[in-house]
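Comments concern the structure below.
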Amino acid sequence: MVRTGNAIGALAAAMIATLATPAAAEVLDAVYRGTMVCEKLPFTDNKMREAIEVTIASGAVRYSHVVRLRAAAVEAAAEQGTGTLNGQTIDLQGSWKSGGREYQAKYTGTFVRRSAHLKGTQTWTDGGKTVVRACAGAVKRPLKPFLPRKTKPSAA
């Protein structure tokens, strides 16, 4: 009689290990949308939760992040920046300026499946004072079937 219990157990263990491994992200050219939550500033009433949009196209990365200093009013200019992709890691750097206030921003994250969790800081300058605040958030792309299809060159 042949023992199959050990072989089945080994196969089951291998399958569980494979399923438990996080799926590698496929960073696709797309618009990734989400939100960032940033800590309270000395001149704001609360933490700020604002929209962020990251566009990846042919390896180029750019982003836009809404700036709001008061509860209801969105600032006329958005934070703008660029970024780099290194495998599954995304690094963003940008800035914002209005009147006497301005800041430099740096965020980094790692893609898992179709989203990236971002963390970083904004270094504000206001009236000669410097304040650094932490931000965190996430961006996500639509499911692959909903992305624009790549057009194939026509045969002449």
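The values are calculated or read from the model by the stated rules, or taken from the named source; none is laboratory data. Every value quoted in this text rests on a predicted model; they were computed, and no experiment measured them. Positions of Cβ are backbone-derived with ideal geometry, glycine not excepted, and every protein chain shown enters the neighbour counts.
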Note to self: Looking at ALA60, ALA71, ALA51, ALA105 in this structure, which one is small (Gly, Ala, Ser) and at pLDDT below 90?
What the structure shows: ALA71
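Among the residues in region 139-147, are any among the hydrophobic types (A, V, I, L, M, F, W, C), touching a residue at least 60 places away in the same chain (Cβ under 8 Å), under 17 Å from THR55 (Cβ atoms) and not in a strand (DSSP E or B)? Lay out the reasoning, then the answer.
In the first step, residues of region 139-147 are kept if they are among the hydrophobic types (A, V, I, L, M, F, W, C); the result is 139, 143, 146-147.
This time we only want the ones that are touching a residue at least 60 places away in the same chain (Cβ under 8 Å), so: 139, 147.
Narrowing the set further to residues that are under 17 Å from THR55 (Cβ atoms) leaves 139, 147.
Filter once more, keeping what is not in a strand (DSSP E or B): 147.
Taking every residue of region 139-147 in turn, at least one turns out to be among the hydrophobic types (A, V, I, L, M, F, W, C), touching a residue at least 60 places away in the same chain (Cβ under 8 Å), under 17 Å from THR55 (Cβ atoms) and not in a strand (DSSP E or B).
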Check: Looking at THR121, THR44, THR130, THR125, which one is closer than 30 Å to GLU26 by Cα and polar (S, T, N, Q)?
Finding: THR121
Next item on the list: Only residues that are touching a Ser or Thr at 6+ places or on another chain (Cβ under 8 Å) and of a type in the set (Asp, Glu): list them for region 22-63, please.
Entry: ASP29, GLU50, GLU53
Notebook entry, point to check: List, please: which pairs have Cβ atoms under 8 Å, are six or more places apart or on different chains, and start with a residue in region 56-85 that is over 28 Å from PRO148 (Cβ atoms) and end with one that is among the acidic types (Asp, Glu) and at pLDDT 90 or above?
Noted result: VAL67/GLU50; VAL67/GLU79; ARG68/GLU50
Checklist line | Residue match in region 84-92 (condition: buried (at least 17 other Cβ atoms within 10 Å of the Cβ), in contact with a Lys or Arg (Cβ under 8 Å, 6 or more places away or on another chain) and either closer than 24 Å to GLY128 by Cβ or small (Gly, Ala, Ser) (or both)) | finding: no
Notebook entry, point to check: Of all residues in region 40-65, which are crowded, with 16+ Cβ neighbours inside 10 Å and more than 14 Å from the chain's Cα centre (by Cα)?
Noted result: LEU41, MET48
Next item on the list: Among the residues of region 100-129, count how many are of a type in the set (Gly, Ala, Ser), part of a loop (DSSP other than H, G, I, E, B) and touching a Leu at 6+ places or on another chain (Cβ under 9 Å).
Entry: 0
Note to self: So in region 108-125, with the set limited to residues that are more than 9 Å from the chain's Cα centre (by Cα) and crowded, with 16+ Cβ neighbours inside 10 Å, which one is modelled with the lowest pLDDT?
What the structure shows: ARG114
